[in-house]
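Below is one structure, written out as structure tokens, with a few remarks after it.
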2 protein chains.
Amino acid sequence: MYELLYKYIHNKTGIDQKAFSEFCYYFKLKKIKKNEIILMEGDTCKYNFFVNKGCLKFYSINKDGKEFTRYFAFEVKFGTDLASFIDQKPSCEYIEALEPSEVLMISREDFFFLVDTVPQMNLIYRDILEMAYKTSQMRIYGFQGKSALEQLKSLVARQPKILSRLSNKAIASYLGITPYTLSRLKAELFKEHS
Amino acid sequence: MYELLYKYIHNKTGIDQKAFSEFCYYFKLKKIKKNEIILMEGDTCKYNFFVNKGCLKFYSINKDGKEFTRYFAFEVKFGTDLASFIDQKPSCEYIEALEPSEVLMISREDFFFLVDTVPQMNLIYRDILEMAYKTSQMRIYGFQGKSALEQLKSLVARQPKILSRLSNKAIASYLGITPYTLSRLKAELFKEHS
DNA sequence: TTAAAACGTTGCGGTAGAGCAATATTTAAA
DNA sequence: TTTAAATATTGCTCTACCGCAACGTTTTAA
């Protein structure tokens with residue numbers, strides 16, 4: 001149950017099993033059905049989620065009812081609505097499982113208790129903040145001024161398995177295009193590769 | 001010289017003049033000419049800049065030679081390429097003065113010395129990190145799926161003076177559109193308001 | 001003060017992507 | 001296993017924005 005989380009924290013901090021076992025029980029296992037929503041817009045995000053299995057989609061819905069995905073969290077990744085989690089104020093996004101999933105969840109209170117008392121968890125939090133910022137920057141600089149086809153190519157380059165694992169709808173909402181356009185782009189990509 | 005910086009830190013932390021005066025001299029005044037570039041892409045960003053007067057533009061140039069602006073720092077704002085500043089690795093962006101400007105600059109070494117020794121500066125750094133993240137999120141969620149006109153309107157709503165203070169070229173590169181399109185949108189905006 | 005350079009506006013045609021509709025394919029439920 | 005529902009593909013038309021070109025306006029520098 002805690003193997004992946006241990007591996008994750010060990011890789012980032014060099015923690016040993018004994019130290020890990022002293023706090024890992026703060027993380028609770030939760031099974032999530034496909035398409036189950038674990039955070040609604042407007043609710044306060046009370047947990048940080050570590051994905052053991054499956055995939056979470058973090059997205060918002062704009063005034064025209066269109067979905068925009070900020071982030072997919074696959075196995076061995078943390079994910080939460082940081083702004084809501086940190087300040088305990090209403091979230092602007094939804095979190096939903098795209099597959100039957102298992103997460104290790106930890107409450108804000110417990111999480112910050114560990115951040116303040118376990119040096120390795122302090123490092124992990126710092127890493128989470130830095131990655132969150134860098135990921136945001138990448139989305140701004142990496143996509144701006146690029147055609148949809150170029151964006152798709154760079155997504156595939158970074159995460160080759162993503163195309164076969166996620167639906168067109170999900171990927172399109174991440175790229176900010178329609179599923180129609182994505183379908184056409186995939187056809188083009190395939191043409192180039194043959 | 002330090003009035004604005006004192007005001008800024010006082011507002012965020014309640015610091016008093018005496019405590020402030022014990023470390024403010026770590027910030028050095030620098031005057032920057034219009035169009036002067038104070039960070040080049042590829043160089044390591046060694047300083048954090050607090051704008052006393054004028055305006056800094058933070059932007060990158062893509063492979064087609066097009067400029068994309070991430071952030072404008074006006075008076076009473078901090079700005080730096082955080083990723084480069086934190087890790088002391090090559091920057092992906094340029095920093096340039098859009099007006100004759102004055103900044104208070106502090107080196108990475110001194111900055112983190114203060115963050116680690118002055119509680120109020122620790123708070124300031126946390127605030128900078130959080131704002132950087134939230135600003136990024138706003139750019140992703142606030143712009144995606146919106147027409148250029150809607151983006152322009154929300155920019156004007158947030159910073160009404162920006163249209164008259166900055167050139168079309170600067171604003172267009174922030175919105176990810178061409179100056180031609182911006183010019184046409186401004187005409188449309190004006191039509192609506194009459 | 002004046003000439004040159006930079007910037008802003010607008011007409012025009014071109015293009016990427018949107019979105020409907022019709023069909024094919026996959027997935028899920030009974 | 002069969003059928004319904006969700007998803008994917010593709011032709012067609014439409015629109016927002018691009019980008020050139022030509023012209024007007026403002027800024028800058030000598």
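Taking the stretch B:51-72 as the range and being within 17 Å of B:PHE27 (Cα to Cα) and crowded, with 21+ Cβ neighbours inside 10 Å as the test, only B:VAL51 passes.
Among the residues of the stretch A:66-83, the ones that are within 11 Å of chain B (Cβ to nearest Cβ), not in a loop (DSSP other than H, G, I, E, B) and not acidic (Asp, Glu) come to 6 in all. Being within 14 Å of chain A (Cβ to nearest Cβ), within 16 Å of DNA strand C (Cβ to nearest atom) and outside any loop (DSSP other than H, G, I, E, B) is the filter here, so list the residues in the stretch B:32-65 that pass it. Answer for the stretch B:32-65, where residues must be within 14 Å of chain A (Cβ to nearest Cβ), within 16 Å of DNA strand C (Cβ to nearest atom) and outside any loop (DSSP other than H, G, I, E, B): B:TYR59, B:ILE61. Picking from residues in the stretch A:137-162 that are within 10 Å of chain B (Cβ to nearest Cβ) and touching a residue at least 24 places away in the same chain (Cβ under 8 Å), the one that is nearest to A:HIS193 (Cα to Cα) is A:PHE143. Only one entry in B:LYS134, B:LYS169, B:LYS191 is part of a helix (DSSP H, G or I), more than 12 Å from DNA strand D (Cβ to nearest atom), out of contact with any Leu (no Cβ under 7 Å at 6 or more places or on another chain) and within 14 Å of chain A (Cβ to nearest Cβ), namely B:LYS134. Name the pairs: first residue in the stretch B:171-182 and in contact (Cβ under 8 Å) with a residue 12 or more places away in the chain, second residue assigned to a loop (DSSP other than H, G, I, E, B), Cβ to Cβ under 8 Å, at least 6 apart or on different chains? Cβ pairs passing all conditions: B:SER173/B:LYS66; B:GLY176/A:GLN144; B:GLY176/A:GLY145.
In the condition set (1) in contact (Cβ under 8 Å) with a residue 60 or more places away in the chain; (2) away from every other protein chain (no Cβ under 14 Å); (3) assigned to a helix (DSSP H, G or I), A:ASP127 is compliant with all but (2).
Quick check: is even one residue across the stretch A:91-101 closer than 26 Å to B:LYS66 by Cα, within 14 Å of chain B (Cβ to nearest Cβ), touching an Asp or Glu at 6+ places or on another chain (Cβ under 7 Å) and surrounded by 19 or more Cβ atoms within 10 Å (Cβ to Cβ)?
Among the residues of the stretch A:91-101, not one is closer than 26 Å to B:LYS66 by Cα, within 14 Å of chain B (Cβ to nearest Cβ), touching an Asp or Glu at 6+ places or on another chain (Cβ under 7 Å) and surrounded by 19 or more Cβ atoms within 10 Å (Cβ to Cβ), which makes the answer no.
For B:PHE143, the criteria (1) closer than 25 Å to A:THR178 by Cβ; (2) out of contact with any helix residue (DSSP H, G or I) (no Cβ under 7 Å at 6 or more places or on another chain) hold in every case but one, which is (2). When B:VAL76, B:VAL156 are checked against the criterion of being of a type in the set (A, V, I, L, M) and under 30 Å from A:PHE58 (Cα atoms), a single residue qualifies: B:VAL156. Against the criterion of being surrounded by 14 or more Cβ atoms within 10 Å (Cβ to Cβ) and over 29 Å from B:TYR94 (Cα atoms), A:ALA170 qualifies.
Listed here are the residues, each with its yes/no results for (1) among the aromatic types (Phe, Trp, Tyr); (2) more than 17 Å from B:GLN137 (Cα to Cα).
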| residue | (1), (2) |
| --- | --- |
| A:ILE15 | no, yes |
| A:SER21 | no, yes |
| A:ILE37 | no, yes |
| A:SER60 | no, no |
| A:GLU67 | no, no |
| A:PHE85 | yes, no |
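Take the conditions (1) part of a loop (DSSP other than H, G, I, E, B); (2) crowded, with 19+ Cβ neighbours inside 10 Å; A:PRO160 misses just one of them, which is (2).
Here is a yes/no grid of residues against (1) of a type in the set (Gly, Ala, Ser); (2) at pLDDT below 95:
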residue	(1), (2)
B:GLY65	yes, yes
B:ALA83	yes, yes
B:SER107	yes, no
B:PHE112	no, yes
B:TYR125	no, yes
B:GLN144	no, yes
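The values are calculated or read from the model by the stated rules, or taken from the named source; none is laboratory data. Because the structure is predicted, anything quoted here is derived from the model rather than measured. All Cβ positions, glycine included, derive from the backbone under ideal geometry; neighbour counts span all protein chains shown.
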